[in-house]
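Below is one structure; the comments refer to it alone.
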Amino acid sequence: VQLQASGGGLVQAGGFLRLSCAASGRTTFSSYRMGWFRQAPGKEREFVARILWNGGATSYADSVKGRFTISRDGAKNTVDLQMNSLKPEDTAIYYCAADPELSAWIRGRPAYWGQGTQVTVSS
């Protein structure tokens, strides 16, 4: 499985960005959970959001609930993260990830990772 993230950038507080993660390497991702983690400078990597490819069930970190929305496009094999009402504390490198096992996500250790994309929110 290969994951390619895109869409980061610099935005003012209150603004929005949309991240996208393109997945490849399998004929189907129907059993997979895919989503995003982030890591701010000097902090540990933290879970942001995930989606179950088959059925679309979602899960979010409390810190982003109501502001971020994760979605997937089966035709394009992409997972997007719409980030609204951005705050300076959202500044981090965002990583897309994939793993079929929920336990891997709970441990914070999905098997597959994309390269990070920088999100910077200015105050």
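Computed from the coordinates by the stated procedures, all read-outs in this text should not be read as laboratory data. Note that the structure is a prediction, hence the values are computed from the model and not measured. Reconstructed Cβ throughout: ideal geometry from the backbone, glycine too, with neighbour counts over all protein chains shown.
Of the beta bridges in the chain, as assigned by DSSP with both residues counted there, near 90 percent are antiparallel. Couplings 3J(HN,Hα) of segment 19-24, computed from phi: 9, 9, 10, 9, 9, 8 Hz, in residue order, whole Hz [Karplus 6.51 cos²θ - 1.76 cosθ + 1.60, θ = phi - 60°; x for Gly and Pro].
Rg over Rh for segment 42-92 works out to 1.00, using Cα positions for both radii and the Kirkwood form for Rh. How much net charge surrounds GLY7 when only the other residues with a Cβ under 9 Å from the Cβ of GLY7 are counted, with Lys and Arg +1 and Asp and Glu -1? Surrounding charge for GLY7 is 0.
Taking the Cβ of SER59 as the centre, find all other residues whose Cβ is under 9 Å away and add up their charges (Lys, Arg: +1; Asp, Glu: -1).
Local charge sum for SER59: +2.
Solvent-free Debye calculation, one equal scatterer per alpha-carbon of segment 1-60: log10 I(q)/I(0) at 0.12, 0.13, 0.15, 0.30 Å⁻¹ equals -0.38, -0.45, -0.59, -1.30. Once both labels are positioned 7 Å from their Cα atoms along Cα-to-Cβ, the gap between GLN39 and SER85 label points is 2.9 nm.
Legend: P(r) of the chain from all alpha carbon pair distances, 5 Å bins from 0, whole percents, reading 2, 12, 24, 26, 20, 10, 5, 1, 0.
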